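Step one of this worksheet: look at the structure below.
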Amino acid sequence: MPKIIISLTLLLCCMALPAAAENRAKALNLSTMLGDQVFEGNQSLESSLFWGINLGYNFTENWGIEGVYTQVDADAKGDSTSDTKVKTYHLDLLYHFMPTQKFVPYFATGLGAIDSNPDQGQSRNHLLFNYGVGVKYFILDDLIALRADIRHLIDCPEPDNNLQYSAGLTFQLGRPKGYKKPIIKQ
């Protein structure tokens, strides 16, 4: 899976599609994500495929907020016999570095919760802090972007450290009144 995401990111960096793009202010964003979650060794869980959905809003071209939900069904590792369903919910603040370009890198940080529900044993719900980086590459004007993301998840109070890396699609919805398509120099 890491090779696929790295290859996809490199492909995105090398592509040159003729289209205007931008991370628009006052736009809603809907993203679907698929990726891998790597668990800390003491959690006795295999790295596992996760899926997620994000709903966001851009206050400005640079600043946005995003609600994120992910779910992973992790297999037990080593002596552990308990597979675990892990869900995360978090609200993140995003800063987009080059919002008027096709290739838009961003930084994200936020707070939320992580729910771990093992097949055997007690479920737990803890505070979650996360931070990470990502890129959006607009492929259809300013409406659809390919997206890649990597996040460090810190489960408090343990703290357990998890890593999520993912790829997906972002759909940017809504245009303000009087919207004119921007002209981007390439």
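The values are calculated or read from the model by the stated rules, or taken from the named source; none is laboratory data. Just so it is clear, the structure is predicted and the values come from calculations on it, not from any experiment. No Cβ is skipped: glycine too gets one built from the backbone with ideal geometry, and neighbour counts run over all protein chains shown.
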Extreme residue, modelled with the lowest pLDDT, among residues of the stretch 80-91 that are surrounded by fewer than 21 Cβ atoms within 10 Å (Cβ to Cβ) and in a strand (DSSP E or B) = Lys85
Report yes if Asp83 is among the charged types (D, E, K, R) and touching a Pro at 6+ places or on another chain (Cβ under 8 Å), otherwise no.
-> yes
Looking only at the stretch 105-155, and only at residues there that are among the aromatic types (Phe, Trp, Tyr) and in contact with a His (Cβ under 8 Å, 6 or more places away or on another chain), the one that is nearest to Leu30 (Cα to Cα) = Tyr106
Apart from one, (1) among the aromatic types (Phe, Trp, Tyr); (2) modelled with pLDDT under 95; (3) farther than 18 Å from Met98 by Cα; (4) not in a loop (DSSP other than H, G, I, E, B) all hold for Tyr131; the odd one out is (2)
Taking the stretch 132-143 only, how many residues are surrounded by 15 or more Cβ atoms within 10 Å (Cβ to Cβ) and free of Cβ contacts under 8 Å to residues at least 40 places away in the same chain?
-> 3
Say whether the condition of being modelled with pLDDT under 80 and under 15 Å from Leu111 (Cα atoms) is met by at least one residue in the stretch 160-181.
-> no
Are any residues in the stretch 41-72 in contact with an Asp or Glu (Cβ under 7 Å, 6 or more places away or on another chain), small (Gly, Ala, Ser) and modelled with pLDDT of 95 or more, and if so, which ones?
-> Gly56
Within the stretch 92-125, the residues that are of a type in the set (A, V, I, L, M, F, W, C), over 27 Å from Ile139 (Cα atoms) and crowded, with 16+ Cβ neighbours inside 10 Å are Ile114
